[in-house]
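Following: one structure in structure tokens, then a few remarks.
The values are calculated or read from the model by the stated rules, or taken from the named source; none is laboratory data. Given the structure is predicted, the values throughout are model-derived calculations rather than measurements. Backbone-built Cβ (ideal geometry, glycine too); neighbour counts: all protein chains shown.
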Amino acid sequence: MQRRNFLKTAVLGAATLPFLRYLPAEAASRAGTLVVVVGNNINSLDLHRKGTNRPSYQVTVNIYDRLVRFGVKTTADGSLAYDSTKIEPEVAESWQWSADRKSITFKLNPKAKFWDGSPVTAQDVKWSFDRAVSLGGFPAVQMKAGSMTKPEQFVVIDDMTFRIDIPAPSKLTLPDLAVPIPFIINSKVAKANASKDDPWATEYLHKNPAGSGAYKIARWDPGQQFVYQLNEDWALGPKPGIKRVIVREVPSASTRRALTERGDADLYMGIPAKDSKELAAKGKVSISGAPIDNCLHVLALNLKYKPFDNMKVRQAIAFALPYKEIVQAAAYGRGEPMYGGKQATPADITWPQPFPYDTDLAKAKALLAEAGMADGFETTLSYNLGLAEWQEPTALLIQESLGKIGIKVTLDKIPGANWRTASLVEKRLPMHMENFGGWLNYPDYYFFWAYKYGHLFNSSNYKNPEVEALVDSTLHMETTDPQYAENVKRMIAIAFEEVPRIPLYQPYLDAAMQKDVSGYASWFHRQLDVRGIQKA
Amino acid sequence: MPDQLLQIGRRLLQAVPSVIGIVIISFALTRALPGDPAVYFAGAMADEESIAEVRQALGLDRSLVEQFFIYVSNLLQGDLGLSLNTGLPVLEELLTRLPASLELTFTGLGLAVLIAVPLGMLAATRPGSWIDHLCRVLVTAGVSLPTFFTGLFLIYIFYFLLGWAPSPLGRLDILYLPPPHVTGFYLIDSLLAGDSETFWAALRQLVLPAFTLGLFALAPIARMTRASMLSALGSEYVRTARANGLSHRKVLFTYAFRNAALPLLTTLGMVFSFLLGANVLVEKVFAWPGIGLFAIEALVASDYAAVQGFVLSMALLFVVVNLMIDLLLTLIDPRVSMSD
Amino acid sequence: MKRFLNHFFYVMSENPVTVFAFSLFILIILTALFGPWLAPYDPLATQAANALQPPSLQHWFGTDHLGRDVFSRVIVATRLDLGIALSAVALSFFIGSALGSAAGFWGGWTDRIIGRLSDTIMAFPLFVLAMGIVSALGNSVENIIYATAIINLPFYARVARAETNVRRNAGYVMAARLSGSSDLRILATQVFPNCLPPMMVQISLNMGWAILNAAGLSFIGLGVRPPDAEWGIMVAEGATYIVSGEWWLALFPGAALMLAVFCFNLIGDGLRDLVDPLRRT
């Protein structure tokens, strides 16, 4: 069935567009086609569906529109990156906060049209948002971060006016509307394909997107590739430069690199740090990337297990890590150092910022002795097989270095399927690697997920009443509030001292592309946004 | 003939306990896989509540026995479940991917036969000579390399350095479209559609992975050819034929080879089954969209339905292949009884 | 015994390839025994500043991504690889041949159950079964050994069953039975020793397989735990560096692995000649 549909699309495509049995690489028609290689399969075209995996998010980013989006800025090295401080209109033409800041009213843009030509209305927005909070799973969690939990909060005022009510003012609501989750679906099409058992049309939208975005899905061959086709009528931003994007799934990283180096692939998303560094040095392709906002690669120590409940032990470990070697051998220099901070308390609210630790074995030994563990101890360091590319060399370096202060470390690599359960859900790994990054770029948002007791990414089981109170009072606070900076500095100071999570470095998200490709920007969601890309 | 039908029937019945065993073992094995699919598929940042929702949606909150019976009853209705990894029904996945694996395996086997049979015959005509030893060393070297290692080196040399091979991107290069679906074998489908360009494109993609796979099959085929040729050459009728002054060629190809073909066929059946398994790694290296690649990814994600479906279909395939070989043998040589 | 030795030397003199294989075998055994003393460097010592150096006089096989000496790692890995192969094969040999001889000797239901069981295992794509077992049990050296042993079980069971079946009514078995020996005793002293020669061939071939199997598991991330040196995992990790030009990471352990597997396969072949002279003319 699926296959026949694809063939039909393909035949139609061949009649109208030259997507063709064969095109020589140098043929002019390849100019409008971008070939992208990625490492993972997508498994759905619908982000709200249960079980949709991370790589599939990029489909939603490109084929659906949201009310608002983040702007793009140029970083110091000339790369483009999203700008977390700039929120731009997309389907919403303008918006207005109420005086008590407990509701936002959006005016929809009449130029916003679904692929079938019908206008995007407030009813569509409401249906889509209702769906996001009702289907449960990750979408509901992410909506909750923006204080949106119930359908009653979404109000249709008229066809072109839409209002969101929130229980208390929050700085997170508006940016949370720019993440991939609250995308707008053509509710007429979806409802026509819904059933009593499936009121939100998850089966239909899983394979048949119905949106208004700049690109449509021309075909999807699961496990092999999917193809974006430009929506010529899209008018909610600068006209995209690429007519067709072929995203090919190539499981082997070295094949992806070979394809890029040979010029058979135009763009390689998520290139490993080593390849990124070497390709940049060779100069045949360009590398674009930026440190991932609000993201840290950390060594987490689980306070539930002795002796990690002892702060001195945690500090001793923080002084014993070979930071320089890790940045060099695991991140190949594509990581912002997070060690060697000069002061014990943060000077400003920059996040992430270097912690006041550096490799100092003498100090580490002294601290260990103070903790009464002068002879060291034995422990297990776990890492994720799926992320072995950086976690394994890091683990090996840590193992060796901790050996020097008497801590005997056994390594344990855990398959991807088991990793989340063991590290984040059951939180039962004594010493392990963690790489949480917050989509919303606020330090308090990071602390909310990673330092509050019981929260998903607090895999250290860290619990501190002061942090709990600080995060609760700061999370929804406007950044302009004078108390905000005070609170954040205090949080960071506690993280410095108590180090349940020892930061190793802030990672980069890199992409390699041919010299004729421009306009690539790195995004907080770590997916490819095709809309800005040009190919000469 | 009815006698033969009866034999076939008995042969089929013999397979039944194995199939039942396979269903049970594959179920038990997949449930023993580490990790909680509910957690994996609830996605990043999912909290306990949403994980519980996913678990319920997947039916994982029921008891194992209950899950097993649900699985079996679905199976009897031809429902293999939904792959969590690709979001499609497992049956559909297997049906689209199986031709890819089979095409690769058959081509690899064909290549191996083309190389190994002449080598084996050459060795058999000159036993103990340096040619014999060389053949032996060559084919043994072939089975001594990990397939993924051979594959990657071939890609490095022929694609990356020399640029002779097309990009190792599965069945067709990026800008081709698959031919209209008839058999699922791109080589055959493209010929049926009269599309020689796609045929060549598909063939070019096949060469490296098929060779990698075929290298692994050289040794058993060459060994069996050599052994059965030797015994055929030493037999009564070949000596008689020689004594009667028939040409060397004629004796070798007509008399000896025809008799050596039977054990060779049995070996081919075994080698084929073996190659289907060995496919897994080759598919990963060459991004070949076959069932092996599907299985590896499913296994890593604890995707129960997909792993079970894969194992089950492979096992059934083995049973069918062995049955066909037996049938072929009876057809070729009536002396071979199926009950042997 | 003397006859056997004579035959041994005869086969050896006939077959230079087998001589080569046996000498290689001895070399491998010696490396496995004395590896840690032969290695010029500590195989686990990292030196990040010296990472990914091509082969040189200091580092004959170059250094890896953490600056560890590849030559030392290849040498030291011999023991672990041989250990995995030996224990896996020994395990499947003992269990498989016990089951097989029981099936062949007693026949009936014992035979049927064991036969179906081994059919069921054989119906699985073997490598996939090994993958499944290792990922279910967790990846450690022991589990790799168990998985390899399980997938090889049916081969031994089959050979043992066939050989026992032929011999259970042989004259010497009858004689032993008449003299009042128990079944188990007859199996152990009369039947089983006679089944050994054909099994030896299988053992040697399986040793090679076991090493390849472990390497394949490593390639998909189910191999030996770091930081231990093992050929398969070194090739698997090194393979990702081929395209970036650091060929020595995969080539040298790959060559070592190939030599070992090659050697076992050739010995298996040679043993076959030794055991079954009829197969060769």
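Based on what the data block shows, is A:Gly437 under 20 Å from A:Leu301 (Cβ atoms) and without any contact (Cβ under 8 Å) to a residue 12 or more places away in the chain? For A:Gly437, the condition - under 20 Å from A:Leu301 (Cβ atoms) and without any contact (Cβ under 8 Å) to a residue 12 or more places away in the chain - is not met. Say whether the condition of being in contact with a Ser or Thr (Cβ under 7 Å, 6 or more places away or on another chain), loosely packed, with under 15 Cβ neighbours inside 10 Å and without any contact (Cβ under 8 Å) to a residue 24 or more places away in the chain is met by at least one residue in region B:254-276. The answer is no, given that none of the residues of region B:254-276 is in contact with a Ser or Thr (Cβ under 7 Å, 6 or more places away or on another chain), loosely packed, with under 15 Cβ neighbours inside 10 Å and without any contact (Cβ under 8 Å) to a residue 24 or more places away in the chain. The one condition from (1) aliphatic (A, V, I, L, M); (2) closer than 29 Å to B:Tyr176 by Cα; (3) under 24 Å from the mean Cα position of the chain (by Cα); (4) outside the structural domain of A:Tyr57 (by TED's automatic domain parsing) that A:Ile246 does not meet is (4). Checked against the criterion of being within 14 Å of chain B (Cβ to nearest Cβ), closer than 22 Å to A:Asn53 by Cβ and of a type in the set (S, T, N, Q), region A:390-397 has no qualifying residue.
Considering (1) at positive phi; (2) over 25 Å from the mean Cα position of the chain (by Cα), the lone condition that A:Lys107 does not fulfil carries the number (1).
Among the residues of region C:169-225, write down those that are away from chain B (no Cβ under 14 Å) and in contact with a Lys or Arg (Cβ under 7 Å, 6 or more places away or on another chain). C:Val173, C:Ile186, C:Val191, C:Asn194, C:Arg225 - these are the residues of region C:169-225 that are away from chain B (no Cβ under 14 Å) and in contact with a Lys or Arg (Cβ under 7 Å, 6 or more places away or on another chain).
Tallying residues that are at the interface with chain C (Cβ under 7 Å from one of its Cβ atoms) and within 9 Å of B:Val282 (Cα to Cα) within region B:136-150 yields 1. Restricting A:Glu478, A:Glu497, A:Glu486, A:Glu466 to those that are at negative phi, surrounded by fewer than 16 Cβ atoms within 10 Å (Cβ to Cβ), assigned to a loop (DSSP other than H, G, I, E, B) and in the same structural domain as A:Ala330 (by TED's automatic domain parsing) reduces the list to A:Glu478. Assess whether A:Lys282 counts as being surrounded by 21 or more Cβ atoms within 10 Å (Cβ to Cβ), within 12 Å of chain C (Cβ to nearest Cβ), of a type in the set (Lys, Arg) and out of contact with any helix residue (DSSP H, G or I) (no Cβ under 7 Å at 6 or more places or on another chain). When the stated conditions are applied, A:Lys282 does not pass them. Taking the conditions exactly as written (among the small types (Gly, Ala, Ser), farther than 23 Å from B:Thr147 by Cβ and in contact with an Asp or Glu (Cβ under 9 Å, 6 or more places away or on another chain)), does B:Ser302 satisfy them or not? When the stated conditions are applied, B:Ser302 passes them.
This table checks each residue for (1) surrounded by 15 or more Cβ atoms within 10 Å (Cβ to Cβ); (2) of a type in the set (Phe, Trp, Tyr); (3) more than 19 Å from the chain's Cα centre (by Cα); (4) within 30 Å of A:Asn294 (Cα to Cα).
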residue	(1), (2), (3), (4)
A:Asp83	yes, no, no, yes
A:Glu90	yes, no, yes, yes
A:Glu93	yes, no, yes, yes
A:Asp100	no, no, yes, yes
A:Lys113	yes, no, yes, no
A:Asp124	yes, no, yes, no
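Only helices (runs of 4 or more DSSP H) whose full extent lies in region A:81-187 are considered here, and the ones with at least 1 residues that are closer than 24 Å to A:Gly71 by Cβ, among the acidic types (Asp, Glu) and modelled with pLDDT of 95 or more are A:173-176.
Here the condition is being within 13 Å of another protein chain (Cβ to nearest Cβ), more than 14 Å from the chain's Cα centre (by Cα), more than 26 Å from B:Phe272 (Cβ to Cβ) and part of a loop (DSSP other than H, G, I, E, B); of C:Asn143, C:Asn139, it holds for C:Asn139 alone. Taking region B:156-176 as the range and being within 16 Å of A:Glu261 (Cβ to Cβ) and facing chain A (nearest Cβ under 8 Å) as the test, the residues that pass are B:Tyr156, B:Tyr159, B:Phe160, B:Gly163, B:Ser167, B:Pro168, B:Leu169, B:Ile174. Of all residues in region A:242-256, those satisfying the criterion of being assigned to a loop (DSSP other than H, G, I, E, B) and modelled with pLDDT of 90 or more are A:Ile242, A:Lys243. For region C:236-267, the set of residues classified as of a type in the set (Val, Ile, Thr) and facing chain B (nearest Cβ under 9 Å) consists of C:Thr240, C:Ile242, C:Val243, C:Val261, listed by residue number. Name the residue that is nearest to the other protein chains (Cβ to nearest Cβ), counting only residues in region A:182-210 that are touching a residue at least 24 places away in the same chain (Cβ under 8 Å) and of a type in the set (D, E, K, R). Selected residue: A:Lys207. Is there a residue being away from every other protein chain (no Cβ under 12 Å) and of a type in the set (Phe, Trp, Tyr) anywhere in region B:177-185? Checking region B:177-185: at least one residue is away from every other protein chain (no Cβ under 12 Å) and of a type in the set (Phe, Trp, Tyr). Listed by position, the helices (runs of 4 or more DSSP H) enclosed by region B:250-340 that each have at least 1 residues that are more than 10 Å from chain C (Cβ to nearest Cβ) and within 30 Å of B:Gly9 (Cα to Cα) are B:257-285, B:304-332. Candidates in region A:403-421 are the residues that are among the small types (Gly, Ala, Ser) and surrounded by fewer than 22 Cβ atoms within 10 Å (Cβ to Cβ); of these, the one that is nearest to the chain's Cα centre (by Cα) is A:Gly416. Within region A:304-341, restricting attention to residues that are among the small types (Gly, Ala, Ser) and under 23 Å from the mean Cα position of the chain (by Cα), the residue that is surrounded by the most Cβ atoms within 10 Å (Cβ to Cβ) is A:Ala330. For region A:412-456, the set of residues classified as facing another protein chain (nearest Cβ under 8 Å) and either at pLDDT 90 or above or closer than 20 Å to A:Glu497 by Cα (or both) consists of A:Trp449 only. Answer yes or no: is there a residue in region B:17-34 that is on the phi > 0 side of the Ramachandran plot, out of contact with any Phe, Trp or Tyr (no Cβ under 7 Å at 6 or more places or on another chain) and within 10 Å of another protein chain (Cβ to nearest Cβ). No, that holds for no residue. In summary, helices (runs of 4 or more DSSP H) completely within region B:160-248 and bearing 2 or more residues that are surrounded by fewer than 19 Cβ atoms within 10 Å (Cβ to Cβ) and among the charged types (D, E, K, R) occur at B:196-233, B:236-243.
So, C:Pro43, is that one in contact with a helix residue (DSSP H, G or I) (Cβ under 9 Å, 6 or more places away or on another chain), touching a residue at least 40 places away in the same chain (Cβ under 8 Å) and surrounded by fewer than 18 Cβ atoms within 10 Å (Cβ to Cβ) or not? So C:Pro43 does not fit the description; no. The condition (being closer than 30 Å to A:Gln483 by Cα, of a type in the set (Asp, Glu) and either touching a Leu at 6+ places or on another chain (Cβ under 9 Å) or more than 11 Å from every other protein chain (Cβ to nearest Cβ) (or both)) is satisfied by just one residue among A:Asp348, A:Asp360: A:Asp348.
Examine region A:347-362 for a residue that is touching a Gly at 6+ places or on another chain (Cβ under 7 Å) and among the acidic types (Asp, Glu), and state whether such a residue exists. Checked against the condition, which is being touching a Gly at 6+ places or on another chain (Cβ under 7 Å) and among the acidic types (Asp, Glu), region A:347-362 yields at least one hit. Of the residues making up region C:131-159, those that are at pLDDT below 85 and small (Gly, Ala, Ser) are C:Gly132, C:Ser135, C:Ala136, C:Gly138, C:Ser140.
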